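The values are calculated or read from the model by the stated rules, or taken from the named source; none is laboratory data. Fair warning: this is a prediction, and the values are worked out from it, not measured in the lab. Please note: Cβ atoms are built from the backbone with ideal geometry, for glycine as well, and neighbour counts cover all protein chains shown.
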Amino acid sequence: MRIGILGFGYTGRLHLRAWQQTPGADVIAIADNSPQARADIAPPAAALASYDELLAMRPDAVSICLPTTLHHGATLDALAAGSHVLLEKPIAVSTEQACEMIAVASWARRTLFVGMTHRFYPEILAAKRLVEDGAIGDVVLLRDCILEHFGFIDSPRWYLDPATAGGGTLLSSGIHLVDRVLWFAQEMPETVGAAGGNPFLKQLVEDAAQIFLRFPSGRSAQLSFGLLAEPHPLVCDLELIGTRGSLVVHTWRGYELRTGRGVERHEVYSDEPHVDKVVFGIRGEIAEFGAAIQEGREPKPSVEESTRALRVIEAAYRSMRTRNAEPLL
């Protein structure tokens, strides 16, 4: 496939690495409005100043790695140009935008896929298999948490501007945590409660938040987010508590299975740099994206699943404003 990349910041560079490691993929052009970013684009990929120039080359598929508020417009333009779209999370800043994007992709008969890298990490996949095999019984409680230092991955400054990011840590990192909680719970919550603020970075977007989800089955989930100003070890831990045991996934490290037999610890990684682990997840989503196109099927997770996660985030923002639990079903 002839591939184009829209946006060449931190994430766009990781997408380039992943595409370069994908057999049969040829990155023909990369677009970024920053001269400094374009200076880092190496031949044979063309370095372009606008994505309109890139789309005029009619690539078979594009990776969209732009600020969140640009996802909607860029996706519609790419679909109009006849390209399949691999879109960085979140799908959009609103479910209304997401639904329009899904409808246009269906009308254009093009694949639209939101890159949820956590679905492709080996430690998450191992935990999913264990839960499905009944290793911890029925899951009744879920807890997820991410604590990250704002500067540890060269986070772009647009993350802190609601005009470009669309929200703070709830939208940028929270979309991953909500998606994987919904994936393990296998149901949508009936109510969403949330609280948040900006005690760490003192910007216009939230950098600290918590969400509480109540499910129709009686399950519940608590999710915590922190985007810290001071250096801090990266924490991204999902805990699943079942009727016969529990399971803790230490994302980018491994997992622990806890039952009456004791604790089984599994280390998945050695000393790889963090970016290599993320590229592994992007390679997984690219493989699924390409397979879905070749087989004429919907990729997994579906864009509808990604939109459901965004619905939960939207409800969390409403709850932060109203200070009440928001109904979702």
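Would you check which residues across region 147-195 are crowded, with 22+ Cβ neighbours inside 10 Å and in a strand (DSSP E or B) and list them?
Val192, Ala194
Which one of the conditions (1) more than 21 Å from Gln210 (Cα to Cα); (2) at pLDDT below 95 does Arg119 fail to meet, given that it meets all the rest?
Answer for Arg119: the failing condition is (2).
Before we move on, is Ala98 over 17 Å from Glu285 (Cβ atoms), at pLDDT 95 or above and part of a loop (DSSP other than H, G, I, E, B)? Can you show your working first?
Numbers: over 17 Å from Glu285 (Cβ atoms): yes; at pLDDT 95 or above: yes; part of a loop (DSSP other than H, G, I, E, B): no.
So Ala98 fails the test.
Within region 203-212, is there a residue that is assigned by TED's automatic domain parsing to the domain that holds Ala126, without any contact (Cβ under 8 Å) to a residue 24 or more places away in the chain and not aliphatic (A, V, I, L, M)? So that I can check it myself, show each step before the final result.
Of the residues in region 203-212, the ones assigned by TED's automatic domain parsing to the domain that holds Ala126 are 203-212.
Keeping just the survivors that are without any contact (Cβ under 8 Å) to a residue 24 or more places away in the chain gives 210.
Restricting the remaining residues to those that are not aliphatic (A, V, I, L, M) gives 210.
So far as region 203-212 goes, yes, one or more of its residues are assigned by TED's automatic domain parsing to the domain that holds Ala126, without any contact (Cβ under 8 Å) to a residue 24 or more places away in the chain and not aliphatic (A, V, I, L, M).
Quickly run through region 286-300 and pick out the residues that are within 15 Å of Met1 (Cα to Cα) and in contact (Cβ under 8 Å) with a residue 40 or more places away in the chain.
Listed by number, the residues that qualify are Ile286, Ala287, Glu288, Phe289, Gly290, Ala292, Ile293.
Would you confirm, using the coordinates I've provided, whether Leu86 is under 21 Å from His176 (Cβ atoms), in contact with a helix residue (DSSP H, G or I) (Cβ under 6 Å, 6 or more places away or on another chain) and in a loop (DSSP other than H, G, I, E, B)?
Working: under 21 Å from His176 (Cβ atoms): yes; in contact with a helix residue (DSSP H, G or I) (Cβ under 6 Å, 6 or more places away or on another chain): yes; in a loop (DSSP other than H, G, I, E, B): no.
Answer is no for this residue.
If you check Asp77 against the conditions, is it farther than 27 Å from Ala185 by Cβ and either in contact with a His (Cβ under 8 Å, 6 or more places away or on another chain) or not in a loop (DSSP other than H, G, I, E, B) (or both)?
On the way: farther than 27 Å from Ala185 by Cβ: yes; either in contact with a His (Cβ under 8 Å, 6 or more places away or on another chain) or not in a loop (DSSP other than H, G, I, E, B) (or both): yes.
So Asp77 fits the description; yes.
Taking Ile313 and the conditions (1) surrounded by 13 or more Cβ atoms within 10 Å (Cβ to Cβ); (2) not assigned by TED's automatic domain parsing to the domain that holds Arg129, which numbered condition does it fall short on, given that it satisfies the others?
Among (1) surrounded by 13 or more Cβ atoms within 10 Å (Cβ to Cβ); (2) not assigned by TED's automatic domain parsing to the domain that holds Arg129, the lone unmet condition for Ile313 is (2).
Which pairs turn up if I take residues in region 229-240 that are assigned by TED's automatic domain parsing to the domain that holds Thr169 and look for partners that are acidic (Asp, Glu) with beta carbon separation below 7 Å, at least 6 apart in sequence or on another chain?
Here the result reads Leu234/Glu148; Leu238/Asp144, each pair linking region 229-240 to a residue that is acidic (Asp, Glu).
Give all pairs with beta carbons closer than 7 Å in which a residue from region 42-61 that is in contact (Cβ under 8 Å) with a residue 40 or more places away in the chain meets a residue that is surrounded by fewer than 16 Cβ atoms within 10 Å (Cβ to Cβ) and part of a strand (DSSP E or B); count only pairs at least 6 apart in sequence or on separate chains.
From residues that are in contact (Cβ under 8 Å) with a residue 40 or more places away in the chain, the pairs are Pro59/Arg2; Asp60/Arg2.
Can you name the number of the only condition in (1) surrounded by fewer than 18 Cβ atoms within 10 Å (Cβ to Cβ); (2) out of contact with any strand residue (DSSP E or B) (no Cβ under 8 Å at 6 or more places or on another chain); (3) in a loop (DSSP other than H, G, I, E, B) that Gly137 fails?
Failed condition: (2).
List pairs: first in region 9-25 and hydroxyl-bearing (Ser, Thr, Tyr), second outside any helix (DSSP H, G or I) and surrounded by fewer than 21 Cβ atoms within 10 Å (Cβ to Cβ), Cβ under 9 Å, 6+ apart or cross-chain?
Close Cβ pairs satisfying both conditions: Tyr10/Ile153; Tyr10/Asp154; Tyr10/Ser155; Tyr10/Pro156; Thr11/Pro156; Thr22/Met1.
Considering only residues that are charged (D, E, K, R) and part of a helix (DSSP H, G or I), look in region 280-310 and name the one that is farthest from Asp26 (Cα to Cα).
So the first thing to find is which residues in region 280-310 are charged (D, E, K, R), and the list is 283, 285, 288, 295, 297-298, 300, 304-305, 308.
From what is left, the residues that are part of a helix (DSSP H, G or I) are 283, 285, 288, 295, 304-305, 308.
Details: Arg283: 14, Glu285: 17, Glu288: 17, Glu295: 20, Glu304: 29, Glu305: 29, Arg308: 33 Å.
It comes out as Arg308.
Restricting to region 246-269, what's the tally of residues that are outside any strand (DSSP E or B) and either in contact with a Phe, Trp or Tyr (Cβ under 6 Å, 6 or more places away or on another chain) or within 19 Å of Phe120 (Cβ to Cβ) (or both)?
Within region 246-269, the first condition is being outside any strand (DSSP E or B), and the residues that meet it are 251-253, 260-261, 268-269.
Filter once more, so that each one left must be either in contact with a Phe, Trp or Tyr (Cβ under 6 Å, 6 or more places away or on another chain) or within 19 Å of Phe120 (Cβ to Cβ) (or both): 251-253, 268-269.
Number of matching residues: 5.
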